[in-house]
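Asker: My questions all concern the structure below.
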Amino acid sequence: MVSWSDSESTDGSGAQYISSDDSPLKIPATIDEPSFEGLADDLNVICEHGNPGRKYVAFEGISTGRRFIACATEGVGNCGLVKWVDEHWPEHLQNAIHKLWLMYEHSQHENKMACLKHSSTVHNLTQQKKELQETYEKLVEDVNNLLDYKDSQPEVNQKNDAENISVSVESSMTKDVEIKKLKAVVDQLKKIHVAQATVIRNLKFNHLKEKEKLTSDKRTLEICYADLKKEKDDLKKEKDKLDCCIAELMKVKEKLTMEKSTLASCIVELKTAGDSNKRKLHQIKAICDED
Ligand SMILES: [Zn+2]
C-alpha cells in the first residue's frame, strides 16, 4: 500500500495515509482527475454520516493539485469532512501556483473590463448613428420643402411682377416704389435660398464624413475584440498545459513514493536476514567453544 505521509507511522491503521491538518470546514473547489476519484473505501476514511468519503483533487489557491477526501453527500447534507491526502506543497511550489492564480484572475478582470468598455462604446455609437439618421432624414425633408418652394417661387414672382407692372402703368409713381421694394424682397429671398442650400450641402458632407469615421471606428473595435478573444483562448490553452504538467508531476511523485516504500521493505528483509545470520554465527561459535 502506498504511504503519502512523510513520517513513517507504525500503528498500521488506515489513518496513517492522511496528513493531519487543521483544515477549515469549507470544501475546496475541485478538478476532474481520473487517477484519483470515486469512493475512498480503500483509504478507510469515514465521515460523520458513517459513510466512506469521496476522493477529490483540489483546484483552488495554493492547494491546487492536492488530493483530499471529503464527505460523499452533495449539497446541504454534506457533513464538512475534509481530510488531506497530500501534505502542503513546498513553499516555492505554493508561490508559483499562487502567482499563476493571480495572473489568471488579473487576466479575467482585464477581459471583463475591456468587454464592458466595448459594450459602452458600441452603445454610444449606436445612439450617435440613430441621432445622425434622424438629422439626415430631417435634412432631406427640408431640402425637398425648399426645392418645392423654389419651384413655386418664380411663378409667384412673375405673377406679382406682372400685376404690379400693370397696376403701376395704370396708377401713380408710388406703385413703382412698391415694385422696387418687392423686387428687393425677392432678391433677398433668393440670397437666403442660396445660403440655405450651401448650409445643407455642408451639413450633408459633414454627416457623410462622420458616418465614415464611425464605420472605421467600428471596424477597429471589432479587430480589438477579435484580438482579445484570441488572447483569452491562448491563456486557456496555457492553463490546460499547466494542468497537464501538474498531473504529470503527481504521477512522478506517486511512482517515487512507491519506490521508497519498496526500498524500505527490502531494508527490513535484509535486516532480518542479517539478524538470522548473526544468530547462526553465534550458534557456530558456541559449538566451536564446546569443542
Ligand atoms: Zn458525511
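Asker: For the Cα atoms of the chain, what angle does the longest principal axis make with the long axis of helix 173-290, in degrees from 0 to 90, nearest 10?
Answerer: Computed tilt is about 0 degrees.
Asker: Could you check the spin-label model distance between Arg219 and Glu91? Points 7 Å from the Cα along Cα→Cβ, value in nm.
Answerer: Result for the modelled spin labels: 5.7 nm.
Asker: For Glu254 and His98, FRET efficiency with R0 = 30 Å and r from the beta-carbon atoms, rounded to 0.05?
Answerer: The value I calculate is 0.80.
Asker: Counting only other residues whose beta carbon sits under 15 Å from that of Leu102, what net charge do I get with K and R as +1, D and E as -1?
Answerer: Residues close to Leu102 contribute a combined charge of -2.
Asker: Another question, then. Between Glu210 and Ile287, what is the spin-label point distance in nm, taking each point 7 Å from the Cα along the Cα→C-beta axis?
Answerer: Going by the 7 Å Cα→Cβ label model, 11.6 nm.
Asker: Among the listed pairs Lys255/Lys278; Lys130/Lys191; Lys150/Lys183; Lys99/Lys229, which are separated by more than 25 Å between their Cα atoms?
Answerer: From the list (Lys255/Lys278; Lys130/Lys191; Lys150/Lys183; Lys99/Lys229), the Cα-Cα distance tops 25 Å for Lys255/Lys278; Lys130/Lys191.
Asker: Pop a pseudo-label 7 angstrom from the Cα along the beta-carbon direction at both Ser35 and Val186 and give the gap in nm to one decimal.
Answerer: So the two model labels end up 10.1 nm from each other.
Asker: Another question about this same structure. Averaging sequence separations of C-alpha pairs under 8 Å and six or more residues apart, then dividing by the length of the chain, give the relative contact order as a whole percent.
Answerer: Rounded, it is 13 percent for the chain.
Asker: Still on this structure, I have one more. Could you point to the residue in Leu263, Val177, Leu81 farthest towards the positive end of the chain's charge dipole, with +1 and -1 charges on the Cβ of Lys/Arg and Asp/Glu respectively?
Answerer: Val177
Asker: Calculate for the chain the 222 nm mean residue ellipticity that helices alone would give, adding -39,500 (n - 2.57) per DSSP H run of length 4 or more and normalising by residue count, nearest 500 deg cm²/dmol.
Answerer: Only helices count here, giving -26000 deg cm²/dmol.
Asker: Here's something else I'd like to know. For the Cα atoms of the chain, what angle does the longest principal axis make with the long axis of helix 91-170, in degrees from 0 to 90, nearest 10?
Answerer: 10 degrees
Just so you know, all these numbers are worked out from the coordinates, no wet-lab data involved. A quick note: this is a predicted structure, and the numbers were derived from the prediction, not measured. As a convention, Cβ positions derive from the backbone with ideal geometry for all residues, glycine included, and neighbour counts pool all protein chains shown.
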